[in-house]
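Shown next, in structure tokens, is the structure this report addresses.
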Amino acid sequence: MAVRSTAAPPTPWSRNLAEPKIHETAFVHSFSNVIGDVRLGANVIVAPGTTIRADEGTPFYIGENTNIQDGVVIHGLEEGRVIGDDQNKYSVWVGKNACITHMALIHGPAYVGDNSFIGFRSTVFNARVGAGCIVMMHALIQDVEIPPGKYIPSGAIITNQQQADRLPDVQDQDKEFAHHVVGINQALRAGYLCAADSKCIAPIRDENAKSYIGNGITVLELERSSEVSSNSLGAETIEQLRYLLEQGYKIGTEHVDQRRFRTGSWTSCQPIEPRSLGEAIAALESCVRDHSGEYVRLFGIDKGRRRVLENIIQRPDSDVKPATSFKAPASRGNSSYSRSNGNGNSSSSGKVNGETVEQIRQLLAGGYKIGMEHVDERRFRTGSWTSCKPIEATSINQVISALEECIESHQGEYVRLIGIDTKAKRRVLESIIQRPNGQVASSGSQKSFSTSTPSATATTTSTRLSTEVVEQLRQLLGSGYKISIEHVDERRFRTGSWTSTGQIQASSEREAIAAVERQLGEYPGEYVRLIGIDPKAKRRVLETIIQRPNGQVASSGSQKSFTSSAPSATATATATATSTRLSTEVVNQLRQLLAGGSKISIEHVDQRRFRTGSWTSTGQIQASSEREAIAAVERQLGEYPGEYVRLIGIDPKAKRRVLETIIQRPNGQVASSGSQKSFTSSAPSATATATATATSTRLSTEVVNQLRQLLAGGSKISIEHVDQRRFRTGSWTSTGQIQASSEREAIASVERHLGEYPGEYVRLIGIDPKAKRRVLETIIQRP
């Protein structure tokens, strides 16, 4: 195989013209460049677009089984070397079984140890990364030595040794992922080498000469499957399966008992992913067998995620549906449904989808009367529906014709189908079948009226999602919002590093619920949250955690609502905006912040990072009322049990903090303002919770408490003063540090300073002597 490898060019610092040494089992793509004294070990793979250039710093060593992925650049400075595992000096050393992933930069002098993983677009420069380290995406590692087995999160900037020493350890799942990437690239290396070898590739090409038609099934396999038969499935069903596979459709099955059949609440069977017709038949027989005595239906799914050829293949009273002739559609371009009614007859419509046809069939079979209503977008919000022409028909085709006439007459409006129980004189079904954008809707907007109560209940149920989450999905779909899912494991949950699974494309409530349930099944043991997005404003309207690592499906206790119009659960606070988790003091602080127009946010930190002050923000709380703010803060406390949580108040005009107060500690106790840090005297504050053992006639109880806390925390205390003219420019003058061995001495000293500067501003300063930074600034006297 031709490899683009060249000798190093002659330069003022080197004229040895060294050439790459590439092991015979290594694969170097022809679109990559390897220049100079580069030593590639056994089974190394160098992907397209990679540059390994040892023309300045030299030599380079790449260990066995290592993969260098697309767009990676490896270069080195002329000065500076690292000691490799063989005790020789190198400009760049990359150990064995390492992964240098897409667009990463390794710039020497640099050392990357065995079994390490360097993520997308990360940079290692003048540094050592120990064996077994995992570096995630967009990280910078410079001028440090990372100990072995450490985890560097995405976006981290590690430029001093103190940061490197505090990094967390790699978890088992991270090691497994890195090992998996090595295995994948080894398979790719073998595949590329085989593709370049005519003796290796020829038999594979012969095998692939059979034409593939979709779903990985060949014509030959289908011809062989023509002899496949089934004892429980009719010939019509087998013929339908064969047609779906030939056309490249995916196959789905659903079941429902007799009670839920009337409301259309179907539940999916296990996904069918066959490699042959025989496997598809076996999977279908399994679904039929597992749900004997129920309705079972078969359908195909095209590339646009639309259903085609939906057909009931089993009914409760007759087991598997009798075989009748199956007629394949003339072309795949027909996107309308075709449904069998159980007698071999079918009713289809270009304007009414298959789901609505099935509802009409069920209403007629139940002896219910059918009606239609329409409303424009403005009146839709007030529910002012207007009836269409009464439908006096007993056949399904006549009803469909009347339905299509109503839809045609009211283009650009909402249209809904009504089912009426004439004996009880009440509605049994309300289902929106058209929306203003012209889309024919499914039963995602369906309201079914139960026989026991006049109130509406959801017709689409879920065995995994709570009623509250189903209601939120319904409201999001009804409001035209987009839906997506995000997930995160327990370790990354603390840093808020959620991963999106992409937008859910669902045309009905049932499809949305099924998609969400699939996502829950794909990420067991992780946090999963539901996201609602306003496509017009391009912002989130809802964030709510619906699954936690213990497998419990969460309710809206972890909900974060970005606007008052977003779907929400019932209010947990009373009209007076009280709280069962927050102290009266914290509620008062929230009230004062909102009244003062300040923005509110929450920060949290675990016990280990609390010592270094590495707080993580959860983002700004968007609340239009005191009740919403309290509910949002309570949810944040629930999400971070066992951690410190603090409340932040921000002045949006001055763009500075006006309040920092810890409201929860790791022991689960909700804190009061004992841990409050006020940046200005206008910041909200509550009355002190403890009485002072040393009192003062000039200082408020609050200031005495602050002095007590500063002394107890080992902070230094000083005083600054300024007259009214210089106050505007912030030109404060320090009186020096207060030397006090007791609380009483400190109070006396502060009082003396107040007496020395009457008619001026005086502020109290608290200083952390270790971090050499201020922890408190508060004005204690005004002119």
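Taking the range 64-78 as the range and being assigned to a loop (DSSP other than H, G, I, E, B), surrounded by 18 or more Cβ atoms within 10 Å (Cβ to Cβ) and of a type in the set (A, V, I, L, M, F, W, C) as the test, only Val72 passes. The residue that is nearest to Glu358 (Cα to Cα), counting only those in the range 408-427 that are part of a strand (DSSP E or B) and over 39 Å from the mean Cα position of the chain (by Cα), is Gly419.
Test of understanding: among Arg39, Arg53, which residue is part of a strand (DSSP E or B), touching a Pro at 6+ places or on another chain (Cβ under 8 Å) and charged (D, E, K, R)? Quick ask: steps written out before the conclusion?
Values: Arg53 fails: touching a Pro at 6+ places or on another chain (Cβ under 8 Å).
From the options Arg39, Arg53, the qualifying one is Arg39.
Taken over the range 423-436, residues that are open to solvent by 30 Å² or more (accessible area, probe 1.4 Å) and modelled with pLDDT under 80 amount to 4.
Please tell me if Glu392 is open to solvent by 80 Å² or more (accessible area, probe 1.4 Å) and free of Cβ contacts under 8 Å to residues at least 12 places away in the same chain.
Working: open to solvent by 80 Å² or more (accessible area, probe 1.4 Å): yes; free of Cβ contacts under 8 Å to residues at least 12 places away in the same chain: yes.
Answer is yes for this residue.
Ile45: surrounded by 18 or more Cβ atoms within 10 Å (Cβ to Cβ), of a type outside the set (Phe, Trp, Tyr) and out of contact with any Leu (no Cβ under 7 Å at 6 or more places or on another chain), yes or no? Even if it seems obvious, please write down each step before you answer.
Working: surrounded by 18 or more Cβ atoms within 10 Å (Cβ to Cβ): yes; of a type outside the set (Phe, Trp, Tyr): yes; out of contact with any Leu (no Cβ under 7 Å at 6 or more places or on another chain): no.
When the stated conditions are applied, Ile45 does not pass them.
Consider Ile533 carefully, then state whether it is open to solvent by less than 40 Å² (accessible area, probe 1.4 Å), at pLDDT 85 or above, not in a loop (DSSP other than H, G, I, E, B) and not small (Gly, Ala, Ser). Against the criterion (open to solvent by less than 40 Å² (accessible area, probe 1.4 Å), at pLDDT 85 or above, not in a loop (DSSP other than H, G, I, E, B) and not small (Gly, Ala, Ser)), Ile533 does not qualify. The sole residue among Val92, Val82 that is among the hydrophobic types (A, V, I, L, M, F, W, C), crowded, with 24+ Cβ neighbours inside 10 Å and closer than 18 Å to Asp37 by Cα is Val92.
Under the condition of being more than 25 Å from Ser32 (Cα to Cα) and either assigned to a loop (DSSP other than H, G, I, E, B) or among the charged types (D, E, K, R) (or both), the residues counted in the range 102-153 number 13. Where strands (runs of 3 or more DSSP E) sit wholly within the range 676-780, those with at least 3 residues that are modelled with pLDDT of 85 or more and surrounded by 14 or more Cβ atoms within 10 Å (Cβ to Cβ) occupy 716-722, 761-768.
Within the range 380-407, take every residue that is of a type outside the set (A, V, I, L, M) and assigned to a helix (DSSP H, G or I) and give me the one that is farthest from Tyr368 (Cα to Cα). Before the answer, list the steps.
Narrowing the range 380-407 to residues of a type outside the set (A, V, I, L, M): 380-390, 392, 394-395, 397-398, 401, 404-406.
Checking the rest, the ones that are also assigned to a helix (DSSP H, G or I) come to 380, 397-398, 401, 404-406.
On the way: Phe380: 26, Asn397: 16, Gln398: 15, Ser401: 18, Glu404: 19, Glu405: 20, Cys406: 19 Å.
Among those that are of a type outside the set (A, V, I, L, M) and assigned to a helix (DSSP H, G or I), it is Phe380.
The residue pairs whose first member lies in the range 357-383 and is within 22 Å of Glu408 (Cβ to Cβ), whose second member is assigned to a strand (DSSP E or B) and hydroxyl-bearing (Ser, Thr, Tyr), and whose beta carbons are closer than 6 Å, counting only pairs six or more residues apart or on different chains, are Val357/Ser347; Glu373/Ser387; His374/Thr386; Val375/Tyr414; Phe380/Tyr414.
Quick check: is even one residue across the range 256-263 modelled with pLDDT under 80 and more than 30 Å from Asn43 (Cβ to Cβ)?
Taking the range 256-263 and keeping what is modelled with pLDDT under 80, we get 262-263.
When the remaining residues are screened for being more than 30 Å from Asn43 (Cβ to Cβ), the result is 262-263.
The answer is yes, given that some residue of the range 256-263 is modelled with pLDDT under 80 and more than 30 Å from Asn43 (Cβ to Cβ).
When the range 613-638 is filtered for residues that are touching a Phe, Trp or Tyr at 6+ places or on another chain (Cβ under 9 Å) and either free of Cβ contacts under 8 Å to residues at least 12 places away in the same chain or within 16 Å of Pro652 (Cβ to Cβ) (or both), only Gln622 remains.
Looking only at residues in the range 536-554 that are surrounded by 17 or more Cβ atoms within 10 Å (Cβ to Cβ) and polar (S, T, N, Q), the one that is modelled with the highest pLDDT is Gln547.
The values are calculated or read from the model by the stated rules, or taken from the named source; none is laboratory data. Just so it is clear, the structure is predicted and the values come from calculations on it, not from any experiment. Every residue, glycine as well, gets a Cβ built from its backbone with ideal geometry; the counts of neighbours run over all protein chains shown. Accessible surface is based on the protein model in full, side chains and every heavy atom, while ligands, DNA and RNA are left aside. Shrake-Rupley method; radii C 1.70, N 1.55, O 1.52, S 1.80 Å.
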